[in-house]
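The values are calculated or read from the model by the stated rules, or taken from the named source; none is laboratory data. Remember, predicted model here, so these are calculated numbers, not experimental data. Here the Cβ positions follow ideal geometry from the backbone for every residue, glycine too, while neighbour counts run over all protein chains shown.
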């Protein structure tokens, strides 16, 4: 029956050739099936490496590939084996078809096929069978039509993207990924021969199920390639000794949460290029998995790494294992709002330095204190008495930071969190003093933004994860360069975990109320790393502390960065590097705002501009007038000395530019006056 079908096909084709005009019209009238098939959506790393791919709608892996991305030896072997006159025939090879018919007639069965690669493409496009004569006629007609519309290279590309390779694998790139764990650009002769053999019997020769059959099919290809001169005898013999793969490699699934995020942001895009470093991402996913090992089935972890110079996110681990339902691995914990514990304290200190309320060497009281109805206690229940602000931050004491927050105002802290690019979630409408101790919700990515700003001299750093994203314009400063450096200098002195290098990172840990969240965030001169550990469902983790649980992971993450570590920058010129005894009198010991700036008999007064004034800038100068007090005066602008040894009572300063400005004058007796103004 099949032999008769081939005879009939030849007769029909020759008859059509005799009536050229009618034949051409018949070919021109061919209805084309869709030439473009859905391919797997791909998510790529910064260097083009495949992070993750998604199956197409019917569950098949079909990775798009171009001719120039495929090993040339494989293409030569494919054409030599399947269709050696591919580049000369018009879609149907009359010689091959005649030979196939003659062999079938002589042997009483089909010995060789007459299908060209173009006819195979036609069959793949229509998903039609090969044994029915009507199917053969249709394939021949479509093949002739394809050759008139497409180049040989385009037809070959269709084959490379559509050929079946067993199971749910379609296309040569899906096959090389699954069977060899690599791209098709570099293949050995043994690998290329196997790929030529598989589409002839993709189910029967699946190497992961029938390795012996796959090996026999491969060796048959190698034998013919040796006879055709495509391979030397030595190459063919060596290829026969190579084992065939007996299992499929899993498709890459790095940064699964970030990949899903990219897909959700643009569902129709076939390709997503991220700023993720694939090698670093794999290392940190392994680190997160080790960090939770043996610590209970529900403990999770998240790690985020960014370059604070460019804002590019280099790694984002949302959970130790995306598929672990016990840990709720499907939840991206870099995006989940949680209580940040003590990790916001550095910003409070930096704002106090900028306001002229304090200096790292200022003394402050750590004693039981009531702030109205609010009575915070230190995490360990102990009190240190009189202590320097530097030590209070390094020891993460609660009473001092709440006192500073009361002086600043919680609303000011919230405003600067938003300046850093954060989107804090606040219970209720009005922030209270508890926000300084973590009484709000922020994400791990939010904390990375805040610490990136501290590392970047106080300027906000818009974080980006899409390689094609246009960098956002930075907003107003979070802190002055001087205050940001002072905070970083303090955090660099925080004791590191045992066996970790001391004094190379500026970092802070935090533990939320009830031991629900353990945090560690830090930076060097180039990178910021944020670590969260806890349970995705928000239940407590008894005994979990940021310093013991998350800080070691932070330092291990930094150890995987290259180059490491990048030194922190030197102090800006205007930083006041003095001991407590050398500070101006009002900065030697912290007092609440009202006590510091209350009118004092005989003290100086800022006659102009008055506190709360809004002024339109005229030119680039700011006129300051003083009254009373004992010269010489020290004049501070936003916490930085602007003039010292001043005896005149009217001076002109360079205006700092539009925005809020804090003026502080201190006289020879240590008495002070303050004014906060807005320049327009």
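Observations on the structure shown:
- Unique match (being loosely packed, with under 11 Cβ neighbours inside 10 Å and either modelled with pLDDT under 85 or in a strand (DSSP E or B) (or both)) among 603, 645: 645
- Hits in region 545-564 (condition: in contact with a helix residue (DSSP H, G or I) (Cβ under 8 Å, 6 or more places away or on another chain) and over 18 Å from residue 287 (Cβ atoms)): 545
- Looking across region 239-279, the residues that are over 22 Å from residue 61 (Cβ atoms) and surrounded by fewer than 20 Cβ atoms within 10 Å (Cβ to Cβ) come down to 240, 241, 242, 243, 265, 279.
- Residue 573 vs. criteria more than 30 Å from residue 637 (Cα to Cα) and surrounded by fewer than 19 Cβ atoms within 10 Å (Cβ to Cβ): no
- Test: residue in region 296-304 that is in contact with a strand residue (DSSP E or B) (Cβ under 7 Å, 6 or more places away or on another chain), surrounded by fewer than 24 Cβ atoms within 10 Å (Cβ to Cβ) and over 22 Å from residue 447 (Cα atoms): yes
- Any chance residue 470 is closer than 27 Å to residue 274 by Cβ and not in a strand (DSSP E or B): yes
- Scope region 436-445; condition crowded, with 19+ Cβ neighbours inside 10 Å and more than 13 Å from residue 510 (Cβ to Cβ); matching residues: 443, 445
- Here residue 286 does not qualify as in contact with a strand residue (DSSP E or B) (Cβ under 9 Å, 6 or more places away or on another chain) and either modelled with pLDDT of 95 or more or crowded, with 22+ Cβ neighbours inside 10 Å (or both).
- Criterion violated by residue 230 - all others in (1) outside any loop (DSSP other than H, G, I, E, B); (2) assigned by TED's automatic domain parsing to the domain that holds residue 85; (3) buried (at least 17 other Cβ atoms within 10 Å of the Cβ) satisfied: (1)
- Considering region 576-587, the residues that are crowded, with 17+ Cβ neighbours inside 10 Å and not in a loop (DSSP other than H, G, I, E, B) include one that is modelled with the highest pLDDT, namely 587.
- Residue in region 87-96 that is in contact with a helix residue (DSSP H, G or I) (Cβ under 8 Å, 6 or more places away or on another chain) and modelled with pLDDT under 90 present: yes
- Count - residues of region 160-190 that are without any contact (Cβ under 8 Å) to a residue 60 or more places away in the chain and not in a loop (DSSP other than H, G, I, E, B): 4
- Matching entry among 349, 330 (being outside any strand (DSSP E or B) and either touching a helix residue (DSSP H, G or I) at 6+ places or on another chain (Cβ under 8 Å) or crowded, with 21+ Cβ neighbours inside 10 Å (or both)): 349
- Hits in region 409-432 (condition: on the phi < 0 side of the Ramachandran plot, over 28 Å from the mean Cα position of the chain (by Cα) and part of a loop (DSSP other than H, G, I, E, B)): 427, 429, 430, 431, 432
- Filter result for residue 199 (crowded, with 17+ Cβ neighbours inside 10 Å, within 29 Å of residue 84 (Cβ to Cβ) and either touching a strand residue (DSSP E or B) at 6+ places or on another chain (Cβ under 7 Å) or not assigned by TED's automatic domain parsing to the domain that holds residue 124 (or both)): yes
- Region 377-408, residues that are in contact with a helix residue (DSSP H, G or I) (Cβ under 9 Å, 6 or more places away or on another chain) and assigned to a loop (DSSP other than H, G, I, E, B): 377, 378, 379, 383, 384, 396, 397
- The residues of region 206-225 that are surrounded by fewer than 19 Cβ atoms within 10 Å (Cβ to Cβ) and assigned to a helix (DSSP H, G or I), listed by number, are 211, 212, 213, 216, 219, 220, 223, 224.
- Filtering region 29-69 to residues that are exposed (fewer than 11 other Cβ atoms within 10 Å of the Cβ) and closer than 27 Å to residue 148 by Cβ leaves 29, 31, 34, 36, 68.
- Residue in region 608-627 that is nearest to the chain's Cα centre (by Cα), counting only those that are without any contact (Cβ under 8 Å) to a residue 24 or more places away in the chain and surrounded by 11 or more Cβ atoms within 10 Å (Cβ to Cβ): 608
- Candidates 523, 507, filtered to the one that is within 22 Å of residue 361 (Cα to Cα), touching a strand residue (DSSP E or B) at 6+ places or on another chain (Cβ under 6 Å) and buried (at least 23 other Cβ atoms within 10 Å of the Cβ): 507
- In the condition set (1) at pLDDT below 90; (2) part of a loop (DSSP other than H, G, I, E, B); (3) crowded, with 23+ Cβ neighbours inside 10 Å, residue 139 is compliant with all but (2).
- The condition of being touching a strand residue (DSSP E or B) at 6+ places or on another chain (Cβ under 8 Å) and modelled with pLDDT of 95 or more holds for residue 63.
- Residue count, region 39-58 (criterion: farther than 16 Å from residue 314 by Cα and assigned to a strand (DSSP E or B)): 2
- Of all residues in region 417-431, those being out of contact with any helix residue (DSSP H, G or I) (no Cβ under 6 Å at 6 or more places or on another chain), crowded, with 17+ Cβ neighbours inside 10 Å and within 23 Å of residue 592 (Cβ to Cβ) number 1.
- Per the listing 458, 510, 538, the residue uniquely closer than 24 Å to residue 349 by Cα, over 19 Å from the mean Cα position of the chain (by Cα) and part of a loop (DSSP other than H, G, I, E, B) is 458.
- Looking across region 648-667 at every residue that is at pLDDT 90 or above and not in a strand (DSSP E or B), the one that is farthest from residue 607 (Cα to Cα) is identified as 648.
- Some residue of region 257-270 being under 30 Å from residue 480 (Cα atoms) and within 15 Å of the chain's Cα centre (by Cα): no
- Filter result for residue 81 (at pLDDT 95 or above and within 22 Å of residue 193 (Cβ to Cβ)): yes
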